Amino acid sequence: MNAIFEEITKANYSDNSLAQIKKIKEKAAKLDVEADMKKNMMLIIDGVLESEKDDPDTFDFNLRNKLKEKIFLMPEYDTYKLSVYANFVDLYDFDSNRQIIKQIVKALKKKKVERQDEILFAIILNVLKQGIEEQKYNETNELISLGHQIKVIPEFFLYREMLTFYEELIAYHTDRKETHLEQCNLILESFEWGGMSAFGKEMIKFFDKYKEQ
């Protein structure tokens with residue numbers, strides 16, 4: 001199950017992410033695993049596809065409520081639960097996510113889990129993005145600080161770039177200094193240089209939409 005989540009996480013930051021996630025769903029459907037596990041797996045993948053929707057009129061609220069209930073009922077923050085939550089932070093509002101992250105950090109201090117830094121980094125980035133969308137700029141400092149506390153290894157390089165991008169965009173909304181936008185543009189250009197043009201185009205759309213909001 002964790003291997004499927006790792007594939008989904010990588011797909012989210014790659015070109016043609018939606019098509020790749022659909023392929024992962026096809027692969028998961030063919031796996032020879034216990035029926036309840038497969039049911040949960042398919043629910044999560046359907047949820048990832050659901051989270052790609054932008055128009056509330058197309059939302060499957062029954063599916064979204066099932067996912068929120070599933071996350072709530074999981075007994076502890078293990079790798080599986082963290083991976084599920086990382087993909088579905090948009091089911092909650094920004095303030096709720098801030099509180100959930102505090103619970104996660106507290107739990108991880110007591111018991112470390114596999115891939116915790118990678119997944120926590122992804123969660124922080126997703127919630128920072130949400131904070132910008134909800135214009136909660138002044139409430140993002142703790143999340144940015146938490147992101148900086150995660151040790152950067154080569155595998156986290158993209159995450160670190162994304163953290164800097166969100167940090168600079170938030171700073172621009174605080175002091176309106178053009179240097180912050182220049183830094184954002186350099187990071188956006190790096191996605192093209194790094195062969196992530198489709199992901200870069202989506203981030204440019206985000207940047208253009210929210211830089212002057």
Qualifying positions in segment 121-136 - more than 13 Å from the chain's Cα centre (by Cα) and open to solvent by less than 10 Å² (accessible area, probe 1.4 Å): ILE132
Filter result for the condition that a residue is exposed (fewer than 11 other Cβ atoms within 10 Å of the Cβ) and among the small types (Gly, Ala, Ser), over ALA3, ALA28, ALA11: ALA3
Residue in segment 129-148 that is assigned to a loop (DSSP other than H, G, I, E, B), at pLDDT 95 or above and among the hydroxyl-bearing types (Ser, Thr, Tyr) present: yes
Condition check for THR179: open to solvent by 40 Å² or more (accessible area, probe 1.4 Å) and of a type in the set (Ser, Thr, Tyr): yes
Members of segment 78-120 that are open to solvent by 60 Å² or more (accessible area, probe 1.4 Å) and at pLDDT 90 or above: ASP93, ASP95, GLN99, LYS102, GLN103, LYS106, LYS109, LYS110, LYS111, LYS112, GLU114, ASP117
Among the residues listed as TYR85, TYR92, TYR80, the single one being over 14 Å from the mean Cα position of the chain (by Cα) and among the hydroxyl-bearing types (Ser, Thr, Tyr): TYR80
Which listed residue, of THR9, THR58, is under 30 Å from GLU192 (Cα atoms) and either modelled with pLDDT of 85 or more or within 19 Å of the chain's Cα centre (by Cα) (or both): THR9
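The values are calculated or read from the model by the stated rules, or taken from the named source; none is laboratory data. From a predicted model like this one, the values you see are computed outputs, not experimental measurements. With ideal geometry, Cβ positions are generated from the backbone for all residues, glycine too; neighbour counts draw on all protein chains shown. Heavy atoms of the whole protein, side chains included, go into the accessibility calculation; ligands, DNA and RNA do not. Shrake-Rupley method; radii C 1.70, N 1.55, O 1.52, S 1.80 Å.
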